[in-house]
Amino acid sequence: MTYLKAISGHTGTGGIRRYLERGGRALAVDLLNLGDPALCEDWAAEMDRTRRLAGNDRAWGSRRARTFKHYVVSPSPEDGVGLDTLRELATEWARRSFPDHEVAIVYHDDNEHHVPHAHVVVNNTNLETGRRLQDPDPGALNGSLQEVSRELGLSHFRGRAGGGPRTDDHTQRRAEGRQERAISGRGAYSWVADIRSRVAVARDTSTSEREFLRALEGLGVVARPASARTGGGWIYQLAGMTSRQVSGARLGTAYTREGVLARMASAALPHRVAFDAVAAARGAVEVRDLSELARVASAVEAVRSRGLRSLHGVDAAIARAEAEGRAKDARLLSDARECCEEHGLLPETAHHTSGNARPSKRHANKRRSSAAGGTRHAEGAGQRQMEVRRDDRGERGDSR
């Protein structure tokens with residue numbers, strides 16, 4: 001089956017473009033609602049400009065703005081898909097799913113077996129309305145992708161193209177079982193490893209027991225006190241699945257109540273880094289990407305345990321590990337850096353102020369007042385930008 005995973009971005013799109021195109025590893029690039037790839041010199045700058053003019057770079061209440069969505073479309077290796085077929089699959093799915101958004105599609109074959117796959121970057125601004133992209137139903141998006149795969153003669157399963165109820169027939173369960181076995185790499189889906197990764201992300205992004213339990217809930221795990229007979233601490237359970245529960249002691253000492261509280265006593269991650277890490281993990285959980293979930297958990301642990309606060313700091317730690325001959329540590333940090341850059345978890349350089357610091361009420365009121373004035377200006381500019389874009393599309397023909 002064709003596999004889809006989703007990642008939320010909270011930064012400008014320059015970083016994701018550099019990540020996708022660096023070193024000449026991009027096999028090809030397709031653009032939707034951005035004009036001819038040969039004429040659009042910097043699709044990331046164009047996306048950032050559209051968001052800025054529409055006023056969609058600002059935070060939504062207390063939540064950091066989601067600036068783009070990044071989807072990875074991966075056909076089954078068994079299909080032997082070539083670049084031409086992959087481009088047809090990715091562009092058709094993007095046209096159906098995001099007809100009124102700017103989309104950049106970059107193609108790679110840099111995985112272990114050189115299987116071509118597509119990275120689909122969707123800007124957060126609707127070109128017709130100027131509104132922010134609402135988080136699409138993962139099931140509906142996956143269902144649409146399976147439909148396009150079927151039309152192209154590729155392996156697929158029945159999804160939820162219309163956002164309706166999931167069809168859990170034998171064929172789908174068998175396909176999902178193959179997906180989970182491939183992801184786990186151990187011959188079978190391990191729900192214990194699944195819980196361990198979710199708990200690790202919640203633990204390493206929290207500063208209090210209350211935050212930890214709330215983060216766990218958001219990741220689909222329920223924690224309850226264990227009996228004294230079993231050693232106390234916590235029992236972790238996948239939400240709604242009473243047969244899948246495990247004690248913290250069985251997961252390891254770092255997952256017991258004492259181990260979790262001890263980790264919280266160490267240097268905390270900046271608030272925005274923690275928020276984005278939980279969002280990245282939640283996205284992996286939603287699309288059942290257990291390898292990505294484990295990757296995020298490992299990256300967050302590496303960053304917090306070493307007190308790293310920027311990509312520059314990670315680079316310095318990698319250089320030290322290499323100079324000291326710690327090859328395994330250097331590889332772990334390199335993987336963490338790639339994950340952090342892909343998800344926008346760390347800034348390029350560290351900020352001088354604490355990431356957990358909260359602004360004073362006077363400063364917050366002043367910022368809200370400034371933002372209100374900026375909103376009125378940006379709304380007008382954004383409306384003019386939408387009109388210009390509609391005119392441009394009329395002149396060059398509808399790219400949909």
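The values are calculated or read from the model by the stated rules, or taken from the named source; none is laboratory data. Treat the numbers as computed from the prediction; the structure is a model and nothing was measured. Because the Cβ atoms are built from the backbone with ideal geometry, glycine has one as well, and the counts that use them run over all protein chains shown. These accessible areas exclude ligands, DNA and RNA; they are computed on the full protein's heavy atoms, side chains included. Shrake-Rupley method; radii C 1.70, N 1.55, O 1.52, S 1.80 Å.
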Is the C-alpha gyration tensor of the stretch 6-57 telling us rounded, prolate or oblate? Criteria: a/c under 1.5 is rounded; beyond that, a/b larger than b/c is prolate, otherwise oblate. oblate
Suppose accessible area is computed on protein heavy atoms with a 1.4 Å probe; arrange 329, 137 from highest to lowest. 137, 329
In square nanometres, what is one fourth of the surface area of the convex hull spanned by the alpha carbons of the stretch 189-283? 6.0
Three-way shape label, the stretch 15-162, alpha-carbon gyration tensor, a/c 1.5: oblate
Would you tally the net charge around residue 237, using a Cβ to Cβ cut-off of less than 14 Å, leaving residue 237 out, and scoring K and R as +1, D and E as -1? +3
When the charge dipole of the stretch 228-318 is computed with +1 on Lys and Arg Cβ and -1 on Asp and Glu Cβ about the Cα centre, the Cα farthest towards its positive end, among 259, 314, 290, belongs to 259
Computed FRET efficiency, Cβ-Cβ of residue 286 and residue 327, R0 35 Å: what is it to the nearest 0.05? 0.50
Measure off 7 Å from each Cα along the Cα-to-Cβ vector at residue 155 and residue 338, then give the distance between these two points in nanometres to one decimal. 2.4
Area of residue 19 that stays accessible when all protein chains are in place (1.4 Å probe, Å², to 10): 10
Note on the stretch 186-276: contact order normalised by length, alpha-carbon pairs under 8 Å, 6 or more apart, percent, works out to 28
Rounded to a whole %, the carbon-and-sulfur portion of the accessible area of the stretch 219-332 at a 1.4 Å probe is 54
Which residues in the stretch 40-81 place their backbone N less than 19 Å from a point set 7 Å from the Cα of residue 110 along the Cα-to-Cβ direction? 42-45, 70-75
Per the 1/(1 + (r/R0)^6) rule, R0 = 35 Å and r from the Cβ atoms of residue 349 and residue 96, FRET efficiency to 0.05 is 0.30
Per residue value of the accessible surface for the stretch 7-79 (all protein chains in place, 1.4 Å probe), Å²: 46
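Assign one of three labels to the stretch 48-87, namely rounded, prolate or oblate, based on the Cα gyration tensor with a ≥ b ≥ c the square roots of its eigenvalues; rounded applies when a/c is under 1.5, prolate when it is not and a/b is larger than b/c, and oblate otherwise.
Working: a/c = 9.18, a/b = 2.70, b/c = 3.41.
It comes out oblate by the Cα gyration axes.
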Calculate the translational D of the stretch 258-336 in whole µm² s⁻¹ from Stokes-Einstein, where the hydrodynamic radius comes from the Kirkwood formula applied to all Cα pairs, the temperature is 4 °C and the viscosity 1.567 mPa s. 96
Not counting ligands, DNA or RNA, and with a 1.4 Å probe, what is residue 320's accessible surface area in Å² rounded to the nearest 10? 120
Just add up the charged neighbours of residue 153: K/R +1, D/E -1, any other residue whose Cβ is under 12 Å from the Cβ of residue 153. -2
Can you list the trypsin sites (Lys or Arg not before Pro) in the stretch 46-147 that are in a DSSP coil and have 10 or fewer other beta carbons within 10 angstrom? none
Per residue, accessible area of the stretch 221-302 with a 1.4 Å probe, heavy atoms of protein chains only, in Å², comes to 46
